[in-house]
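Below: one structure, written as structure tokens.
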Amino acid sequence: MTRTDPRPLHEQIASSLREAIEAGEYPPGARLPSEAQLREVWGVSRGPVRHAIQTLTVQGFVQRSQGRSAVVRAQPVPQSADSYTPFSQWARAAGYSFGQQTQSFSMHPASPETAARLGVGVGERVYDMVRLRLLNDRPCMVERSTFTDAVGPLLMRFDLDSGGISDYLAGHGVHYSVIEQQLDAVAADALDANLLGVSPGQPLLRVRRTSATDDGVIWEISDDRYRSDYVTFQTSFRRVSAV
């Protein structure tokens, strides 16, 4: 607090704490000083301190709990919605560690809906994969993918917990050459909630993707569901002047 700062006391306190969080003084999961400690440091009453913590809560920097100091929340990691980069490559380029835990990998006949999306015949063999993806050791995304019979057998020979599949498939001539994506929100089902550590029904960011070869042959459809407090999607555009 300074005599020359014209801002209200709660804004000064919130700004100071926010800068400390962004500087890493209070990493994700750490607790802020107690209200009593903050009152002593700033020499103020309870009101401005509580107002400051409420401001940080609304802004998404901390999470409050009854009778305890506020906990610093992890800030969402931005990912571009203008293009597609496989999860492992995106995490590596952004400087984050990544991991994966395979929940299931199975072969079954294609249902009418799956067959229509993949462009294969009803009853043809397809391969379902469900994996939990980790970002800096935190559950981040539930990955549900279905592959055609041209790709599924390749993955049966790959350790799905060892890393991303994109580099492995590229080594076998399978590339993410043509991508179509749809972004929306979906309520977490029981599997999502259990794997991601959220409540059933909590909103998740969903990316539904269709992957194809250079000549347009579809080889994968996917449904990726992200914790919205861990990952955000951003897009950019430039206004085109009227001719």
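The values are calculated or read from the model by the stated rules, or taken from the named source; none is laboratory data. Not measured: the values here are computed from a predicted model. Because the Cβ atoms are built from the backbone with ideal geometry, glycine has one as well, and the counts that use them run over all protein chains shown.
Things to note:
- Screening the candidates 63, 59, 103, 54 for the property of being under 30 Å from residue 146 (Cα atoms) and either touching a residue at least 12 places away in the same chain (Cβ under 8 Å) or not assigned by TED's automatic domain parsing to the domain that holds residue 209 (or both) yields one hit, 103.
- Each residue in segment 121-157 was checked for being of a type in the set (Asp, Glu) and under 30 Å from residue 74 (Cα atoms), and 2 pass.
Okay, residues lined up against (1) outside the structural domain of residue 164 (by TED's automatic domain parsing); (2) acidic (Asp, Glu); (3) surrounded by 15 or more Cβ atoms within 10 Å (Cβ to Cβ):
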residue	(1), (2), (3)
25	yes, yes, no
31	yes, no, no
48	yes, no, yes
83	no, no, no
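- Restricting attention to segment 216-243 and to residues that are modelled with pLDDT of 90 or more and of a type in the set (D, E, K, R), the residue that is surrounded by the fewest Cβ atoms within 10 Å (Cβ to Cβ) turns out to be 223.
- Residues in segment 141-163 that are in contact with a strand residue (DSSP E or B) (Cβ under 7 Å, 6 or more places away or on another chain), touching a residue at least 60 places away in the same chain (Cβ under 8 Å) and either of a type in the set (A, V, I, L, M) or more than 14 Å from residue 127 (Cα to Cα) (or both): 141, 142, 150, 151, 160, 161.
- Each residue in segment 1-51 was checked for being assigned to a loop (DSSP other than H, G, I, E, B), modelled with pLDDT of 90 or more and small (Gly, Ala, Ser), and 3 pass.
For (1) at pLDDT 80 or above; (2) within 12 Å of the chain's Cα centre (by Cα); (3) over 18 Å from residue 229 (Cα atoms), each residue gets a yes or a no:
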| residue | (1), (2), (3) |
| --- | --- |
| 62 | yes, no, no |
| 79 | no, yes, no |
| 85 | yes, no, yes |
| 103 | yes, no, yes |
| 106 | yes, no, yes |
| 109 | yes, no, yes |
| 112 | yes, no, yes |
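- Selection from segment 207-219 of residues that are in a loop (DSSP other than H, G, I, E, B) and in contact (Cβ under 8 Å) with a residue 24 or more places away in the chain: 213, 214, 216, 217
- Near pairs, Cβ below 9 angstrom, 6+ apart or cross-chain, from segment 168-179 (more than 13 Å from residue 147 (Cβ to Cβ)) to any residue that is of a type in the set (D, E, K, R): 175/214; 177/214; 177/215; 178/214; 178/215; 179/209
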